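All of the numbers you see were taken from the coordinates with simple rules; none came from a lab. Remember, it's a predicted structure, so these values are computed and weren't measured experimentally. Every residue, glycine among them, receives a Cβ derived from its backbone with ideal geometry; neighbour counts consider all protein chains shown.
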Amino acid sequence: MSRPRPIVIHCTAATTMSPTEFAEGILDMDNWKTFKGWGPLPGIKNAEILERTDEIVGTRIQATNGDGSQHVETIVEWEMPRTYLLHMDGFPNPLKKFATHFEERCDFKTLADGRTGIQKTMTLYPTTRLAMIPLRLIAAMMKRALSRHLREVTSSAGA
């Protein structure tokens with residue numbers, strides 16, 4: 001039996017921040033608390049660096065969610081000013097029954113007006129075909145949460 005296809009969501013924004021300025025927000029643990037979630041999808045209450053590497057790739061961050069659950073995010077790609085990629089795993093129940101991991105990619109481009117265009121892509125990897133049902137609901141909430149968060153972060157910089 002083949003593996004179920006991942007679920008992919010996208011959101012975009014434009015900002016006056018440079019790609020590096022935007023991306024470096026990941027390394028400021030206070031910024032993580034600005035992710036508010038959506039509906040029953042919890043926001044992030046706290047984040048701490050478990051391991052920090054000089055080259056950034058390999059840096060591991062533990063996020064504590066508003067419901068008390070935790071997960072780990074690892075920076076697996078950091079190519080500024082073009083892109084970065086986070087790998088999320090270590091999910092609690094029941095999420096770990098539905099998803100093996102998530103990936104969040106952020107791609108940057110310079111727009112005609114000189115601002116930075118940002119595209120965030122979240123890929124959710126289901127454990128089974130049946131797990132795709134609840135994971136699609138989670139993906140819908142995640143898209144709303146990511147879109148709102150991206151709007152708030154970019155507008156605070158004078159988007």
Exercise for the section: Apply the Kirkwood formula to the range 7-155: the hydrodynamic radius equals the inverse of the mean of 1/r over all pairs of different alpha-carbon atoms; give it in Å with one decimal. Expected result: 15.7 Å
Fill in the blank from the handout: Simple SL model, points at 7 angstrom along Cα→Cβ for His10 and Lys33; separation in nm is 3.4 nm
Practice task
Evaluate the distance, in nm, between pseudo-label points positioned 7 Å from the Cα of Ser155 and of Leu111 along their respective Cα→Cβ axes.
Solution key: 1.4 nm
Handout entry: Highest-fluctuation residue, Glu104, Glu55, Glu79 considered, GNM on the chain with Cα pairs under 10 Å
Key = Glu55
Completion exercise
Checked against a 21 Å limit on the C-alpha separation, the offending pairs among Lys97/Lys120; Lys96/Lys120; Lys36/Lys109; Lys36/Lys120; Lys96/Lys143; Lys33/Lys143 are Lys97/Lys120; Lys96/Lys120; Lys36/Lys109
Exercise for the section: For Arg129 paired with Met141, estimate the spin-label separation in nm (one decimal), with each label point 7 Å from Cα along the Cα-to-Cβ line. Expected result: 2.6 nm
